[in-house]
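Just below is one structure, and these are the notes that go with it.
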Amino acid sequence: MTTLNTTTEAVSTLECDALILGVDAEGAVIAHPQLPEDVRASVTQTAQALEASGKLGATTVLPGTGTSARRIVLVGLGDGSEGSLRTAAGAASRACGKKPGTVVVALPADGDRAQSAIAEGALLGSYVFTDYKSDAEPEEEQVFTDWIIAGASEAAMARAKVIAGAVAGSRDLTNTPPLDLFPGSFADMAAGYGKQYGCDVKVWDPQMLADQGFGGILGVGMGSSRLPRLVRIEWKPAESKSIVALVGKGITFDTGGISLKPPASMETMKSDMSGAATVLHTVLAAARAELPVTVVGWLCLAENMPSGTAARPSDVLRMYSGKTVEVMNTDAEGRLVMADGLARAIEENPDVVLDIATLTGAQGMALGTRTSGVMGDEEIRAEVIAAADAVAEDMWPMPMPQHLRESIDSKVADIKNIGDPKGGGMLSAAWFLKEFVGDTPWAHLDVARPAFNEGAPYGYTVAGGTGAGLRTLFQFLEARAQA
């Protein structure tokens, strides 16, 4: 539990559990307008004696001698850029321990964006998910961490609360076990959040999906006793400068279906709904920030299970668009639900459609665990990459070679759901999705590995759900609002 505030007082005089200060490459504490020079010099002397590192995210903890803080956390700022400040604040927040009551952050920042980045990093680095811990304190007894960002403007604080809150919300959903998060419960949550933040929500239940021909979503979800849903959530301001559709993959658990995954490959498959979680909370963030952009989110929700009613390899599904798809592998299911969502989204003639999905293992093979792939129309792909760069989120533009389109041709249907098994799986999957967007400007974000951190925490990224892509999507919307 956290609160976020700012202060104009000298940080050395504030009683707190931790005071976070920045360190440069020489191990010297970096000046801050609210840090007295004599205190800075004294802490620098101690830091250099302990060989404190200025490497980005490196932390050193000192006693709070000479200040009113119980301890001082020094963190390397790297090049001091906006992205580095976010990373440093996240690393420092994790070094403050599990239950710091009050933390004062005095990292140098020039302008609202940098101040917001510091606050975002602090909040995201301190994120914890304890909903299923039997020894977790009841909510009314939990200790609040009061984050105080020295010298930050109210505008910067407001922006940080929106963004960090949205990322945390996405992480919460991704970390929730599939026993509790399934298509129906996910749809109910979305409806509740939508009502809370003034968004319009519509839910397609299984009968409506069948009546309207959503063959992709039904084909994936019919093997589970917990049937699929499609959710539309819209933020529509009075004065809108653009209409952006966001489509998210929401496979609440993925066994692979009849094309069953090995057991070890299922261990993190509660995270296969990360795209839908990110879309939901991006729309809610747009509403909280009152962005002058219409944002329509589409959550494509299904559970991919093996059973007597599950789709089989060689089945042919008739999609919402009318195209037929031969299912060659039931573990290539995400693109099937996304295809229906995309086809329905473009019926409303948005200016642009973006989709985000934990779509392919090939993404991780190509780009690793921290860098997402972006494909699609060149102009929109570039716009997404510019948004990612602006918020220091690792994304890389990927090509869509024409010959890979031929690899999804089917002998019995219009197309098949997998391409060349020898390679290029991320790229051929993008070609599959492109079949369902028509002429609408479009880009596809594959966040398969970045969406769930199976390793140790780093920077502001904790273990488990990460909320990958959300800050990029929000920045994309902000840029559209300002254009």
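On full extension of the chain, what length is gained from ALA264 through THR8, given 0.36 nm per residue of separation minus the C-alpha to C-alpha distance?
Using 0.36 nm per residue and subtracting the Cα-Cα distance, I get 87.0 nm.
Give the separation of the Cα centroids, region 375-408 to region 34-97, in Å.
37 Å
Within straight cross-link reach of LYS323, meaning Cα distance under 20 Å, which lysines are found once same-chain residues fewer than 8 apart are removed?
Output for LYS323: LYS249, LYS411, LYS416, LYS434.
Within region 398-483, list the GluC sites (Glu not before Pro) lying in a DSSP loop whose Cβ has at most 11 other Cβ atoms in a 10 Å radius.
GLU454
Within region 398-448, report the trypsin sites (Lys or Arg not before Pro) that DSSP leaves as loop and that have at most 16 other Cβ atoms within 10 Å. Walk me through the numbers on the way to the answer.
Values: sites: ARG405, LYS411, LYS416, LYS422, LYS434; in loops: LYS411, LYS422.
For trypsin sites (Lys or Arg not before Pro) across region 398-448 that sit outside H, G, I, E and B with at most 16 neighbouring Cβ atoms in 10 Å, the list reads LYS411, LYS422.
Only helical DSSP H runs with n ≥ 4 go in: add -39500 (n - 2.57) per run for the chain, normalise by residue count and round the 222 nm mean residue ellipticity to 500 deg cm²/dmol.
Mean residue ellipticity, 222 nm, calculated: -11000 deg cm²/dmol.
When the Karplus curve 6.51 cos²θ - 1.76 cosθ + 1.60 is applied with θ = phi - 60°, which whole-Hz ³J(HN,Hα) does each residue of region 248-260 get, with x for Gly and Pro?
Couplings: x, 6, x, 7, 5, 7, 10, 7, x, x, 4, 7, 4 Hz.
HN-Hα J couplings of region 378-394 from phi, Karplus 6.51/-1.76/1.60, θ = phi - 60°, integer Hz, Gly and Pro as x?
Each residue's phi maps through the Karplus curve to give 4, 5, 6, 4, 5, 5, 5, 4, 4, 5, 5, 4, 5, 10, 6, 9, 6 Hz.
Hey, if you drop one equal point scatterer on each alpha-carbon of region 211-278 and run the Debye formula without solvent, what base-10 log of I(q)/I(0) do you get at q = 0.17, 0.18, 0.22, 0.28 Å⁻¹?
-0.76, -0.82, -1.06, -1.35
Show me, for region 455-466, the HN-Hα J-couplings you get by feeding each phi into the Karplus relation (A = 6.51, B = -1.76, C = 1.60, θ = phi - 60°), rounded to Hz, glycine and proline as x.
With the stated coefficients, region 455-466 comes to x, 7, x, 8, x, 8, 9, 9, 5, x, x, 10 Hz.
How much length would be gained if the chain were fully extended between GLU239 and GLU37, taking 0.36 nm per residue of separation minus their Cα-Cα distance, in nm to one decimal?
67.8 nm
Would you mind computing Rg(Cα) / (2.2 N^0.38 Å) for region 1-105, counting N as its residues?
0.97
Could you calculate, for region 186-326, the ratio of the Cα radius of gyration to the Kirkwood radius, expressed as Rg to Rh?
The Rg/Rh ratio comes out at 1.02.
Please give the length that would be gained between LEU50 and ASP188 if that part of the chain were fully extended, namely 0.36 nm times their separation in residues minus their C-alpha to C-alpha distance (nm, one decimal). Please report the intermediate quantities before stating the final value.
Values: separation 138, 0.36 × 138 = 49.68 nm, distance 5.32 nm.
My answer for the length gained is 44.4 nm.
Can you list, largest first and rounded to whole Å, the semi-axes you get for the chain by taking the square root of 5 times each eigenvalue of its Cα gyration tensor? Please report the intermediate quantities before stating the final value.
Details: eigenvalues 368, 90, 88 Å².
Over the Cα atoms of the chain, the ellipsoid semi-axes are 43, 21, 21 Å.
Give the shape of region 395-483 as rounded, prolate or oblate, defined through the alpha-carbon gyration tensor: a ≥ b ≥ c are the square roots of its eigenvalues, a/c under 1.5 means rounded, and otherwise the shape is prolate if a/b is larger than b/c and oblate if not.
Since a/c reaches 1.5 but b/c is at least a/b, the shape of region 395-483 is classed as oblate.
Relative to the compact globular guide of 2.2 N^0.38 Å, what is the alpha carbon radius of gyration of region 134-241, as a ratio?
1.44
How are the Cα pair distances of region 320-437 distributed, in percent, across 10 Å bins from 0?
13, 45, 35, 8, 0
Rounded, prolate or oblate, given the Cα gyration tensor of region 354-397, with a/c below 1.5 counting as rounded?
Oblate, because a/c is 1.5 or more while a/b does not exceed b/c.
Read-outs: derived from the displayed coordinates by stated rules, not from any lab. A quick note: this is a predicted structure, and the numbers were derived from the prediction, not measured. With ideal geometry, Cβ positions are generated from the backbone for all residues, glycine too; neighbour counts draw on all protein chains shown.
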